[in-house]
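Read through the structure below, which is laid out as structure tokens, and then see the notes.
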Amino acid sequence: MRFLKRLRGALGTGLTWAAGWAVLGGIHGFVIGALKPWQWELYNPVLTTSVGYAVGGLIAGTGFGAVLAWVGRRESLQRISRFKMALCGAVGGAALPVIIHLTRGLTSSAGWGDVAATASVTAVLGAGSAVASLWIARRSDDESGRILEDAVEREMLSSPAPDWNAGSVRERTPVGGRARA
């Protein structure tokens, strides 16, 4: 059960990063289309770049979420530093183009210089996404804490909940029988 929760968290992080990276990819594609208008004749640069960024964000975010679930099991979100999160996100983001290049068997036309340039961009995206994820998680944790504190202040949670399993003064009536007093 614990594994499934971690997997769900990692996939949720990946989907969140994919959405954010897709928006940035769309902006990047729009700039490409504006600077190179002949690209529109070959393909839609906004859609293509957006989808590419989204896939990269999904992979990097899921990997980051899995690493965070493994590393973060010893620390709470309030104790993890922004620098540590940014470093993990940058490493995860920078590793993505390197892994893709290596899985192609070094047969692509891109050289290591192109991979390094792409890795620097994805490292910045990964670091920013990691810090944003930490900020969102801390904010939601603070909000849920405030809701609980407000409920206690309004005395909604001040009295203990009744114990329904403890039984009552009267014993229960057996099926088909009489009640005992």
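The values are calculated or read from the model by the stated rules, or taken from the named source; none is laboratory data. A quick note: this is a predicted structure, and the numbers were derived from the prediction, not measured. Note that each Cβ is placed from the backbone with ideal geometry, even for glycine, and that neighbours are counted across all protein chains shown. For accessibility, only protein heavy atoms count, side chains too; no ligands or nucleic acids. Shrake-Rupley method; radii C 1.70, N 1.55, O 1.52, S 1.80 Å.
Highest average first, the peptides 42-53, 2-13 ordered by how many other beta carbon atoms sit within 10 Å of their residues are 42-53, 2-13. Computed over protein heavy atoms with a 1.4 Å probe, the accessible surface of the stretch 1-95 works out to 64 Å² per residue.
What fraction, in whole percent, of alpha-carbon pairs in the stretch 1-79 exceed 22 Å separation? It works out to 40 percent of all Cα pairs.
If R0 equals 30 Å, the separation of the Cβ atoms of Val55 and Glu75 corresponds to a calculated FRET efficiency of about 0.50. To put it simply, the accessible area of the stretch 31-125 at a 1.4 Å probe is 70 percent carbon and sulfur. A P(r) calculated from all alpha carbon pairs of the stretch 1-136, with 5 Å bins opening at zero, reads 2, 11, 17, 20, 19, 14, 8, 5, 3, 1, 0 percent.
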